[in-house]
Amino acid sequence: YTRAADKAKLDIKVIKAVTQVEALGFGFYNNGLPVTLFERHIFYRQLVNLKGQMYADIVALNNSDICNKSPGGYLGGKLELERLEVAKNINETAALNSASYGLFQIMGFNHIQAGYKTVKEYYDAIRVSEDKQLDAFINYILNDKDKSLWKSLASKDFTAFAKEYNGPAYAKNSYDIKMRQAYSKLG
């Protein structure tokens, strides 16, 4: 955390607070694979972009649990890895782009912002260690095109950060409040 805070020029407690809320304390399952959440609606979009709508529609027709225009179908925990594996057998790049991973749940399609040329490089790196996951997060913050993620963390504006990082559901899940509380508990 010290190395990450120095690189990002952020308060170490801010980074730890985000980690506590985003990761719930761990970046790997007990089987050694990274915490993963597979998004079937993103997989559908990725297939449309890579192979065309007709292809994506056929995949969705036969595999609606992993390829669908609508979000959902989550199985949770390690079962998300199984969904990812099925999707990888259809199209590895689209599948890897369609899941979030590790401590900070950065989506595969954000691999460039996280500091990796390809989604496969990103996926391979975050499978190594929580340190690599932390590095990806710091890169993600520093490579944000308008620097708003970094600015919100530097000013401890957890609401602005959570709104941008987690999307519109941030308030429903109280991410900003949880980060502020975690930060306060760190002393």
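The values are calculated or read from the model by the stated rules, or taken from the named source; none is laboratory data. What you see is a predicted model; the values in this text were computed from it and never measured. Because the Cβ atoms are built from the backbone with ideal geometry, glycine has one as well, and the counts that use them run over all protein chains shown. What goes into the accessible areas is simple: the full protein's heavy atoms, side chains included, and nothing from ligands, DNA or RNA. Shrake-Rupley method; radii C 1.70, N 1.55, O 1.52, S 1.80 Å.
Annotations
- Per-pair calculated FRET efficiency, R0 = 45 Å: Ile12 and Asp57 via Cβ, rounded to 0.05: 0.40
- Restriction of the chymotrypsin sites (Phe, Trp or Tyr not before Pro) in segment 28-88 to DSSP coil positions whose beta-carbon has at most 16 other beta-carbons within 10 angstrom yields Tyr29, Tyr74.
- Protein accessible area in the chain, 1.4 Å probe - carbon and sulfur %: 53
- Using a Gaussian network model of the chain in which every pair of alpha carbons under 10 angstrom is joined by a spring, one finds that among Asp57, Asp146, Asp135 the greatest mean-square fluctuation is at Asp146.
- Using 0.36 nm per residue and subtracting the Cα-Cα separation, the extra length available between Glu92 and Leu50 on full extension is 14.0 nm.
- Spin-label pair Asn143/Leu33, simplified geometry with 7 Å Cα→Cβ offset, distance in nm: 2.5
- Unsatisfied cross-links (Cα-Cα over 19 Å) in the set Lys69/Lys172; Lys16/Lys132; Lys145/Lys172; Lys7/Lys145; Lys13/Lys151; Lys7/Lys147: Lys69/Lys172; Lys145/Lys172
- Student exercise, segment 100-180 dipole from Lys, Arg, Asp, Glu Cβ charges, in Debye to nearest 20: 200
- Within segment 1-34, trypsin sites (Lys or Arg not before Pro) in DSSP loop having at most 11 other beta-carbon neighbours inside 10 Å: Lys9
- Accessible solvent surface per residue of the chain, calculated while the other protein chains remain in place, 1.4 angstrom probe, Å²: 51
- Based on the convex hull around the alpha carbon atoms, the chain presents an average projected area of 10.5 nm².
- Kirkwood's formula applied to the C-alpha pairs of segment 1-85 gives a hydrodynamic radius of 15.2 angstrom.
- When the trypsin sites (Lys or Arg not before Pro) in segment 33-102 are filtered for DSSP coil states and for at most 13 other beta-carbon atoms within 10 Å of their beta-carbon, the remaining sites are Lys69, Lys78.
- Here the relative contact order of the chain, from alpha carbon pairs under 8 Å that lie six or more residues apart, stands at 23 percent.
- Residues listed by number, segment 113-130, amide nitrogen under 17 Å from Phe26 label point at 7 Å toward C-beta: 127-130
- Averaging Cα coordinates gives a centre for segment 1-72 and one for segment 108-187; these two points are 12 Å apart.
- Per-residue ³J(HN,Hα) for segment 156-161, Karplus 6.51 cos²θ - 1.76 cosθ + 1.60, θ = phi - 60°, Hz, x for Gly and Pro: 6, 8, 5, 5, 4, 4
- Rough spin-label spacing in nm, given labels placed 7 Å along Cα→Cβ, for Lys151 and Ile112: 2.2
- Note on Tyr1: accessible area is roughly 100 Å² with a 1.4 Å probe, heavy atoms of protein only.
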